[in-house]
1. Go ahead and estimate [θ] at 222 nm for the chain from helices alone: -39,500 (n - 2.57) per DSSP H run with n ≥ 4, summed, over the residue count, rounded to 500.
2. In Å, what Rg and Dmax follow from the Cα atoms of the stretch 41-95?
3. Going by alpha carbons, how many degrees (0 to 90, nearest 10) lie between the helix axis of 16-32 and the longest principal axis of the chain?
4. Just to be sure I understand the curve: with the Debye formula and one point per C-alpha of the stretch 1-86, what is log10 I(q)/I(0) at q = 0.26 Å⁻¹?
5. Net charge near GLN53: determine it from the other residues with C-beta under 13 Å of the C-beta of GLN53, scoring Lys and Arg +1 and Asp and Glu -1.
6. Whole-Hz ³J(HN,Hα) for each residue in the stretch 39-49, computed from phi via Karplus 6.51 cos²θ - 1.76 cosθ + 1.60 with θ = phi - 60°, x for glycine and proline: what do you get?
7. Only Cα pairs under 8 Å and at least 6 apart count here; give the relative contact order of the chain as a rounded whole percent.
8. With axes computed from alpha carbons, what is the tilt in degrees of helix 71-80 against the longest principal axis of the chain, rounded to the nearest 10 within 0 to 90?
Amino acid sequence: MKRYEGLFVVRPDLNEEAQKKVFLQIETPITQQGGTLETGQEWGRRPLSYSIQKKKEGFYYLVRFSVEPKAVDALKRSYALNESILSLLITRLAS
């Protein structure tokens, strides 16, 4: 398994309960793909460099996890279907 880092920008207009639900929706597919979650950090609300879906700020969430490389595409597809996630970036960490 390889180590990855995912940075997610979530809609800023969600209440705290809805944010927790989205964070769970981010973490669950990782374990469903046979991966392990190392850390999940809330970075809070921050301004965006450019607007995404007419939003000028977003709630940032950073996840570090280990998963098989072939599972990353499946993860990206599942995250693309989530309307609460404005943007995401998944990068492989150096070993």
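Coordinate-derived values only; no laboratory data. Please read all numbers here as calculations on a predicted model, not as lab measurements. Every residue, glycine as well, gets a Cβ built from its backbone with ideal geometry; the counts of neighbours run over all protein chains shown.
1. Computed mean residue ellipticity for the chain: -9000 deg cm²/dmol.
2. Taking only Cα atoms of the stretch 41-95, I get Rg and Dmax of 12.9, 38 Å.
3. Helix 16-32 sits at roughly 20 degrees to that axis.
4. -1.33
5. +1
6. Calculated HN-Hα couplings, in order: 9, x, 10, 8, 8, x, 7, 9, x, 8, 5 Hz.
7. So the answer I get is 49 percent.
8. 20
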